[in-house]
Structure formats: C-alpha cells, structure tokens
Amino acid sequence: MTTVAAREGEPHDIRVNGVWPTAQTRLMDGIDDPALIEQMKAFPPHLVAEAIAWFCAPECKATGEFFDVGGGKVARIAFAQGGGFSDPNLTAESLAANFDQARDMAGARLLGGES
C-alpha cells in the first residue's frame, strides 16, 4: 500500500513512507512483565515523533519506503523476494514437496524502492 500511494503521489510531489513505531505508551498499561516495562523506558514516544517530523519535511525525499523507528534508532525495512517455486498445476502436495525451494532467499531481489 505504501509503494502504491508513493507512486500515485509522486506527480504531485507527495511522498509516502511507512513507520513501524516502537515506543512506551499507555497501551502498555496492564502488561505484567517488569523486565519489558523497564526495557521500554529507552523507547519514549517523542523519539518516534522526531523521526515522523523529518519524514514530513520537504527536505526528506524518501518515498515508498518503510522504517523501523524507536529508541532513537531509525532503520529502513526492506522487502525481498526469492526465486521461489512455481507449478502451473500447484497442489498442496507439490508445494509440500518443494517448500524449501519456495522459502529459499538465495539470490533474493529487493522489492519496491531503490536499494
């Protein structure tokens, strides 16, 4: 969806990116895991907001990309496709027999956006 919206917005100078935010918010209320609560203190929401502010700035030319944002770290998430397995008469059984080939990521290519 992000890449399609980015392509459609490009002629109008509209950029679209996705964000996978990690932050300690009130949604964590009720979690009964003290270690997780302590760990999440390093992930305040304002650090995600700073990244969002940059993504919205006219100087940010990235579009059609997806980013993991949290705890002061921003990292692009890339989607890739391996060679896979193809059978024009695919059955559950033929996939089961070739599932390792379907899962193999050797020689995978990056999908959408530039590398």
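For the range 1-82, the list of GluC sites (Glu not before Pro) that fall in a loop by DSSP and count at most 16 other C-beta atoms within 10 angstrom reads E59. Compared with the dominant Cα axis of the chain, that is its longest principal axis, helix 45-56 is turned about 70°.
Test of understanding: in a Gaussian network model of the chain with alpha carbons linked when under 10 Å, which of T22, T63, T91 would top the mean-square fluctuation ranking? In this elastic network of the chain, the residue with the biggest mean-square fluctuation among T22, T63, T91 is T91. With each label modelled as a point 7 angstrom along the Cα→C-beta vector, the H46-I31 pair spans 2.1 nm.
In plain terms, the chain from N98 to W54 could stretch by 11.4 nm, reckoned as 0.36 nm per residue minus the Cα-Cα distance. Radius of gyration over Kirkwood radius for the chain, both on Cα atoms: the Rg/Rh ratio is 1.12. Note on S86 and L111: their simple-model spin labels are 1.6 nm apart, each label 7 Å out from Cα toward Cβ.
Each value in this text was obtained by applying a stated rule to the coordinates, not by laboratory testing. All of these numbers come straight from a predicted model, not from anything done at the bench. Every residue, glycine as well, gets a Cβ built from its backbone with ideal geometry; the counts of neighbours run over all protein chains shown.
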